[in-house]
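Read the structure below first, then the notes.
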Amino acid sequence: MRAVVLGRRNFREYDQVVSLYSRSHGKLEVLAKGAKKIVSKNAAHLEPSCVVDVGIVSGAEIDRLTSVQCVSHFSHMRDRERTIRFAALVLHTIDRIIKPNEPDHRLFDLLEDWLVQLNRSEHTHPGVVDLFFLEVLVLLGFDPQPHIPASVSDWSYKRLHDFTLRFMQTQLEIAIPDWARGDMAVAL
């Protein structure tokens, strides 16, 4: 199954719980046994923002990861701090707002395409995050369009950003760092 790694957190001494978003199953949280060990063969493939092919088996309490193969690591993106911070913020936010086991192939395609474009970009403007989040809001059933005046082409970037940030915070009811001001505490 193909998936984007959204994040991971430590679990017990050597294990991690990995959050994935797949085209066919939506958001999944799986246990990666031994992922924190130095000799782990899967650890490098489970970095947030990697696109991977995974094998998963059902477990009593949590599904377990059996195999991981990296499809795309986006190494060019990882060379630029600002770009990787944008990716970390987006992945962390998606992980927080998406409920498990609700697949949406459009969201998977949007996320994967956005990561590909981010990897290709030489210079990344905060506007790419705004546009991504506006598209996500539409996919989730929120329609920011009635709140945007017809003269949106006259809007400055700051006005569009402030609208996007405020709309996400009020509609999704979560605290999101302001990516345009650089106060992003999330890291990959």
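The values are calculated or read from the model by the stated rules, or taken from the named source; none is laboratory data. Bear in mind that the values here come from a model prediction, so they are computed numbers and not experimental data. Every residue, glycine among them, receives a Cβ derived from its backbone with ideal geometry; neighbour counts consider all protein chains shown.
Surrounded by fewer than 16 Cβ atoms within 10 Å (Cβ to Cβ) and without any contact (Cβ under 8 Å) to a residue 24 or more places away in the chain: is that true of Ile38 in this structure? Yes; evaluated as a whole, the condition is true for this residue. As a summary of the residue check, Phe132 satisfies the conditions (1) modelled with pLDDT of 90 or more; (2) more than 18 Å from Ala3 (Cα to Cα); (3) in contact with a strand residue (DSSP E or B) (Cβ under 8 Å, 6 or more places away or on another chain) except for the one numbered (3).
Starting from residues that are within 13 Å of Thr83 (Cβ to Cβ) and modelled with pLDDT of 90 or more, keep the ones in the stretch 113-127 and report whichever is surrounded by the fewest Cβ atoms within 10 Å (Cβ to Cβ). Checking each candidate, the answer is Arg120.
Across the stretch 4-18, the qualifying residues are those that are under 16 Å from the mean Cα position of the chain (by Cα) and over 15 Å from Val57 (Cα atoms), and the one among them that is surrounded by the most Cβ atoms within 10 Å (Cβ to Cβ) is Val4.
Ser49 satisfies every condition listed in (1) more than 14 Å from the chain's Cα centre (by Cα); (2) in a loop (DSSP other than H, G, I, E, B) except (1).
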